[in-house]
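Beneath this line is the structure, given in structure tokens, with notes to follow.
The values are calculated or read from the model by the stated rules, or taken from the named source; none is laboratory data. Computed from a predicted structure; not experimentally measured. Cβ: placed from backbone, ideal geometry, glycine included. Neighbour counts: every protein chain shown. For the accessible areas, the whole protein counts, side chains as well, though only heavy atoms, and no ligand, DNA or RNA atoms are used. Shrake-Rupley method; radii C 1.70, N 1.55, O 1.52, S 1.80 Å.
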Amino acid sequence: MALSIAGFEYRDVTVVPDITLRVAIGGAGSPVVLLHGFPQTHLMWRHVAPLLARHHTVVCPDLRGYGASSKPPASLNTYSKRTMAGDVTGLADALGLGEITLVGHDRGALVAFRAGLDHPDRIGRLMLLDVVPTVDTWSVLSGVSAAVAFHLFLMAQPVGLPETLIGNSADEFFGWFLDAWARNPAAIPDDLRAEYLAASRGAVASIVADYRATATIDLEHDQASLDAGQQLRMPVAVVQQDWGAALGYDAAGVWRRWAPDLEHHTTQAGHFMAEEAPDDIATLIGSLISRGS
């Protein structure tokens with residue numbers, strides 16, 4: 001690995017049989033686990049993690065299918081957010097962390113959301129960056145506005161087409177998101193951009209499987225939770241761009257349906273907010289931990 005989080009130790013941790021996550025660990029104190037988004041790796045936390053490590057044990061894994069973690073053969077169940085949430089609790093068990101504060105961005109936020117629903121006894125506090133739950137995502141995408149999420153529809157297609165299209169132009173495809181979703185392009189310097197592209201280029205099948213699961217089995221799981229009246233029982237903080245207004249729905253209202261103990265924040269940073277505004281994100285995580293004490 002060419003780049004790393006300064007001052008952090010790296011380990012390969014077996015979380016469930018045949019699945020190993022590459023993990024960066026630093027600091028000491030109550031545990032905080034940080035889950036990355038798309039098209040990134042754990043390195044998206046390179047600024048936030050050292051700030052939190054002053055007072056906490058901070059754990060930054062590459063999700064299964066991403067970065068240097070295991071990439072099992074693609075299937076819906078293998079990359080369901082329920083399965084990936086099991087990786088999080090397996091990681092906590094392997095490291096002896098006990099109850100954790102869990103923070104997720106983008107794809108990692110969907111994993112964190114499912115972990116909060118499925119394992120409420122393990123997740124003491126939950127922060128979710130720039131997503132809405134899967135069932136709500138699909139319900140708000142309609143008309144021309146859905147073009148902002150074209151990748152969701154592309155990667156929902158049957159096996160073969162998206163893998164071929166993306167694989168034949170991987171750097172252009174993944175690079176588009178790194179460029180288009182950042183309000184401050186300098187937040188992702190050239191060497192890091194190259195690392196993200198190399199990691200994504202080597203994980204096309206598993207990334208597509210992750211997204212395909214969101215259009216199928218993840219949607220089924222979210223709908224079942226919604227029908228059962230299941231909610232997040234822990235203190236929750238959500239940080240989003242103000243794209244709810246742009247798409248014509250109340251993002252904070254969507255989240256309150258799922259999280260009674262909610263603080264909702266909007267940011268002027270772009271989608272890659274942990275890289276564009278790391279001090280703000282670290283402060284909000286600290287506030288969540290204090291609120292949950």
Residue match in region 188-205 (condition: assigned to a helix (DSSP H, G or I), at pLDDT below 95, farther than 30 Å from S30 by Cα and among the hydrophobic types (A, V, I, L, M, F, W, C)): no
Hits in region 254-293 (condition: part of a helix (DSSP H, G or I) and surrounded by fewer than 18 Cβ atoms within 10 Å (Cβ to Cβ)): R256, R257, D279, D280, T283, G286, S287, S290, R291
Check on G67, touching a helix residue (DSSP H, G or I) at 6+ places or on another chain (Cβ under 7 Å) and part of a loop (DSSP other than H, G, I, E, B): yes
Count - residues of region 89-142 that are open to solvent by 30 Å² or more (accessible area, probe 1.4 Å), part of a helix (DSSP H, G or I) and closer than 19 Å to P235 by Cβ: 1
Residue among M84, M44 that alone is within 16 Å of the chain's Cα centre (by Cα), within 16 Å of S200 (Cα to Cα) and in a helix (DSSP H, G or I): M44
Number of the exception - L192 against (1) hydrophobic (A, V, I, L, M, F, W, C); (2) touching a residue at least 12 places away in the same chain (Cβ under 8 Å); (3) open to solvent by 20 Å² or more (accessible area, probe 1.4 Å): (3)
Those residues of region 206-222 which are hydrophobic (A, V, I, L, M, F, W, C) and crowded, with 24+ Cβ neighbours inside 10 Å, in sequence order: I207, V208, A209, A213
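Listed here are the residues, each with its yes/no results for (1) more than 21 Å from F174 (Cα to Cα); (2) out of contact with any Asp or Glu (no Cβ under 7 Å at 6 or more places or on another chain); (3) touching a residue at least 40 places away in the same chain (Cβ under 8 Å).
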residue: R233; (1), (2), (3): yes, yes, yes
residue: R257; (1), (2), (3): yes, yes, no
residue: A269; (1), (2), (3): no, no, yes
residue: T283; (1), (2), (3): yes, yes, no
